[in-house]
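The values are calculated or read from the model by the stated rules, or taken from the named source; none is laboratory data. All values derive from a computational prediction rather than experimental measurement. Cβ placement follows ideal geometry from the backbone for every residue including glycine, while neighbour counts extend to all protein chains displayed. These area figures cover heavy atoms from the full protein model, side chains too; ligands, DNA and RNA do not enter into them. Shrake-Rupley method; radii C 1.70, N 1.55, O 1.52, S 1.80 Å.
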Amino acid sequence: MLTTLFICLVAVAAAGYFFGQRKARGLAASQNTRLHSLPGYHGAYVAFWVGLPSLVLVLFWLLFQDAVVEGLVISAIPAEITQGMSGNRIDLLISEIKSVAAGRIFVEPQPYVLEAAAHYNILNNTAEKAMLVVVLALAILGLGYARRNLSVDFRARQKVGLTMDGLMILCSVIAIVTTLGIIASLLFEAIRFFEKVPVGEFFFGLSWEPQIAIRADQVAGTGAFGAVPVFTGTLLIAAIAMAVAIPIGLFSAIYLTEYAGDRFRSVIKPVLEMLAGVPTVVYGFFAVLTVAPALRQAGAAVGLDVAPNSALAAGAVMGIMIIPFISSLSDDAITAVPRAMRDGSYAMGATKAETIMRVLLPAALPGIVGGILLAVSRAIGETMIVVMAAGLIAKLTANPLDAVTTVTVQIVTLLIGDTEFDNPKTLAAFALGLVLFIATLLLNIVALRVVQKYRERYE
Amino acid sequence: MSRRAADRLFRFSLRSATLAAALALVFVTFFVGYEALPALQAAGAGAFLTDPSWHPASGTFGLMPMVLGSLAVSLLALVLAAPLGLGAALFENFYAPPVLRGLFQRAVELLAGIPSVVYGLWGLVVLVPLIAKHLAAPGTSILAAGLVLAIMILPTMALFSSAALGAIPAEQYRAASALGLSKWTALRTVLLPAAGRGIMTGLFLSFARALGETMAVLMVAGNVPQLPSSLLDPVRTLTANIALEMAYATGAHRHALFFSGFLVMAVTLLLVTLAGRSEKKEARP
């Protein structure tokens with residue numbers, strides 16, 4: 001239905017563009033004078049009048065249709081049934097009517113529910129048809145109105161320009177408002193979680209067993225929401241990833257900027273950047289199916305007990321993914337060091353290695369640190385690799401051969417299989433999400449600051 | 001150790017690290033290709049296209065529903081995010097007052113760093129119920145996945161467009177204004193064409209990110225392996241399919257999953273390469 005509507009709207013708007021353009025041309029020809037604006041602007045003006053009001057109407061219609069239809073259905077049910085029902089009970093009745101209307105019947109419903117469901121379907125059907133008719137009527141009305149406004153002196157270019165300006169401002173507002181909305185809903189649900197579980201327990205508790213805490217009254221007793229092991233697990237895996245990515249990324253950045261010939265660089269640099277383009281799900285099964293078994297075998301050979309989903313396997317593969325972040329940002333930082341510093345060092349008789357270690361790296365350090373911080377934020381937010389390759393059980397350990405779990409893994413597992421989002425278990429996902437959000441945000445803020453300051457120093 | 005030997009050792013270790021990084025990519029590609037190969041040998045590439053459905057247990061491996069699912073979701077995200085991101089970049093560079101400009105730029109940079117699972121969480125708990133209430137139950141659909149992905153790739157799109165617009169010499173805009181062009185006309189006829197390549201880079205990278213994203217999509221797309229017929233149908237993407245089934249897949253099923261992983265990887269790597277190309281040409285004066 002909506003698809004049809006949109007296709008119709010696009011067609012009418014295109015027709016509006018065509019008619020507007022043609023009328024403008026005709027006016028100019030008949031009055032034997034020049035138009036104020038090019039015919040295309042007249043066309044675009046008409047098309048805007050067709051498209052924009054109708055789109056706004058569709059949006060509002062969809063927003064309110066449901067509430068209106070529900071109200072009508074409820075008021076059509078005999079009063080003696082709905083009388084004395086609480087608001088909650090009525091909501092339940094509505095959802096029962098809706099599922100019957102959609103054909104999902106589990107137990108034989110009451111006759112009045114069946115009747116209401118049929119009524120609901122009829123109303124919805126009518127509402128959809130009405131929307132199509134009303135919206136198209138508005139579109140055609142807009143076409144007529146805008147087309148009548150056209151004249152040779154009509155300032156269509158200015159009108160189109162103003163509309164486009166407005167649309168661009170709208171774009172930015174949408175971008176910012178959606179984000180604020182996301183943050184607000186995270187915050188709101190996290191607060192609901194902290195109403196049920198004390199903040200202190202969440203941040204300092206050492207036992208994370210959310211699967212046990214099914215009933216609200218169990219929570220306080222069992223103390224299942226201590227997130228410390230989850231945080232330490234995340235940090236452990238991120239630390240392993242950085243231990244892989246920092247040396248390799250930094251070394252290759254130095255090699256590519258200071259040593260490599262043009263041909264070598266032109267081949268290797270795109271290859272490094274591709275490492276960031278490999279889908280994370282591919283890295284995920286690379287970790288599970290290749291790296292983890294290999295580590296296990298290697299461990300067995302030297303007598304070490306390696307867990308099948310060890311932190312080391314997940315962290316190492318995550319490190320590979322992160323190499324390009326570090327190498328490209330370090331590359332920028334090293335390239336930005338002024339040539340004079342290099343030349344000065346050589347003039348003092350330092351070798352290339354000495355120049356790099358004692359002059360270039362200290363000078364480029366802030367830029368490199370910024371890159372590393374960005375990479376850390378990437379590592380703690382990464383989901384797919386750890387969902388596939390890390391453990392599910394929170395364990396407080398610093399042993400990289402053990403299985404640990406991460407914040408992202410817990411967010412995903414807490415939400416699986418639930419459709420109601422009001423018990424502590426699912427609400428905990430929001431608390432974790434909020435912590436993750438704040439942590440990555442802080443890392444990014446600090447990193448961008450550091451990089452910014454560094455850039456200013458040499459510019 | 002003499003200074004010269006130290007120098008050589010230093011150079012050698014740097015070179016090894018660089019080659020190790022490059023080898024990692026070769027190794028990952030080889031591993032996926034090696035596991036995918038039996039699927040091609042057993043069924044031939046055609047079977048993935050022609051098999052009517054995805055029922056690995058009974059030996060039909062039609063990837064078409066997932067290929068279309070991935071494309072539908074990513075294209076919808078791109079269609080929504082490209083104009084929004086470009087509009088936001090234009091606003092930032094040409095409309096916003098200076099105070100707002102820096103703030104806006106910073107905000108978008110920070111948005112780019114939010115982990116995708118946070119977006120997925122929001123999509124699952126806020127967006128899906130909204131769609132279910134106002135459009136069609138159960139709400140997990142192409143539309144939901146497309147919207148979540150659009151919000152996710154919006155910062156990428158905005159940052160690249162903004163960088164491309166910022167790189168255009170200020171004289172061009174001034175000259176256009178001096179000729180009497182209104183702001184919007186100047187943008188449309190002078191600045192947008194000049195920034196075209198940079199914007200293309202952003203488009204390619206956004207598309208690659210949308211195609212490769214797994215978790216956020218898996219949480220909101222419904223994951224039914226069927227050919228979708230409307231935006232409100234649930235859909236399963238290639239990446240979600242791998243994530244959902246890899247844990248228990250064996251034999252031909254597993255090789256088929258690797259083949260689909262290989263497919264996604266090939267397409268995203270192609271997009272990343274195209275983006276790099278387009279960026280390089282941009283840099284040349």
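See the values below:
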quantity	calculated
Isotropically averaged projected area of region A:217-357, using the convex hull of Cα atoms (one quarter of hull area), nm²	14.0 nm²
Longest site-free stretch - chain A; sites: trypsin sites (Lys or Arg not before Pro), DSSP loop, at most 12 other Cβ within 10 Å	A:216-459
Within straight-line cross-link reach of A:Lys129, lysines at Cα separation under 30 Å, skipping those fewer than 8 residues along the same chain	A:Lys98, B:Lys133
Part-to-part distance (alpha-carbon centres) for region B:1-72 and region B:200-235, which is given in Å	21 Å
Peptide ranges A:236-244, B:13-21, A:178-186 listed from the most packed, as the mean C-beta count within 10 angstrom indicates	A:236-244, B:13-21, A:178-186
Spatially proximal aspartates and glutamates relative to B:Lys183 (Cα-Cα < 13 Å; intrachain offsets below 8 disregarded)	A:Asp165
Karplus-derived 3J(HN,Hα), 6.51/-1.76/1.60, for each residue of region B:197-208, Hz, glycine and proline x	5, x, 5, 4, 4, x, 4, 4, 5, 4, 5, 4
Dipole of the protein assembly as shown, positive direction: furthest Cα of A:Phe325, A:Ala439, B:Pro97, with charges on the beta-carbon	B:Pro97
Over chain A, relative contact order from alpha-carbon pairs under 8 Å, at least 6 apart, %	16 percent
10 Å Cβ neighbours from other chains, averaged over peptide B:19-30	6
Value of relative contact order over region B:1-140, rounded to a whole percent, pairs C-alpha under 8 Å and six or more apart	7 percent
Tilt relative to chain A, helix A:228-254 - C-alpha long axis, 0 to 90 degrees, to 10	70 degrees
Local net charge near B:Asp7, Cβ-Cβ under 9 Å (Lys/Arg +1, Asp/Glu -1)	+4
For region B:27-167, projected area of the alpha-carbon convex hull averaged over all directions, nm²	12.7 nm²
Protein-only accessible surface order, largest first, of B:Asp233, A:Asp343 at 1.4 Å	A:Asp343, B:Asp233
Interface burial for A against B (accessible surface, 1.4 Å probe, total of both chains, Å², rounded to 100)	6700 Å²
C-alpha center-to-center spacing [region A:295-366, region A:223-250] in angstrom	18 Å
A:Phe18 accessible area, 1.4 Å probe, all protein chains in place, Å² to nearest 10	110 Å²
Residue with peak Gaussian network fluctuation, chain B [Cα springs, cutoff 10 Å], from B:Pro97, B:Pro38, B:Pro228	B:Pro97
Semi-axis lengths, Å, region B:33-104, gyration tensor of Cα atoms, sqrt of 5 times eigenvalues	47, 13, 9
For residues of B:103-115, the mean tally of beta carbons on other chains within 10 Å	6
Carbon plus sulfur fraction of accessible area for the protein assembly as shown, probe 1.4 Å, in percent	67 percent
Chain B - accessible surface per residue (Å², probe 1.4 Å)	43 Å²
Candidates B:Phe61, B:Phe31, B:Phe204, ranked by Gaussian network fluctuation over chain B, Cα under 10 Å, top entry	B:Phe31
Spatially proximal aspartates and glutamates relative to A:Lys395 (Cα-Cα < 18 Å; intrachain offsets below 8 disregarded)	A:Glu201, A:Glu209, A:Asp305
Region B:47-283, relative contact order [Cα under 8 Å, separation at least 6], %	27 percent
Highest-MSF residue in chain B out of B:Ala221, B:Ala243, B:Ala107 [GNM, Cα springs under 10 Å]	B:Ala107
C-alpha long axis of helix A:156-196 to longest principal axis of chain A, angle in °	60 degrees
Charged-residue dipole, Cβ positions (Lys, Arg, Asp, Glu), the protein assembly as shown about Cα centre, Debye nearest 20	3020 debye
Over chain A: helical MRE at 222 nm, DSSP H runs n ≥ 4 each giving -39500 (n - 2.57), nearest 500	-25500 deg cm²/dmol
Rounded to the nearest 10 Å², the accessible area of A:Ser75 at probe 1.4 Å	90 Å²
Kirkwood-based shape ratio for region B:47-283, expressed as Rg/Rh from alpha carbons	1.06
Rounded to the nearest 10 Å², the accessible area of B:Thr250 at probe 1.4 Å	100 Å²
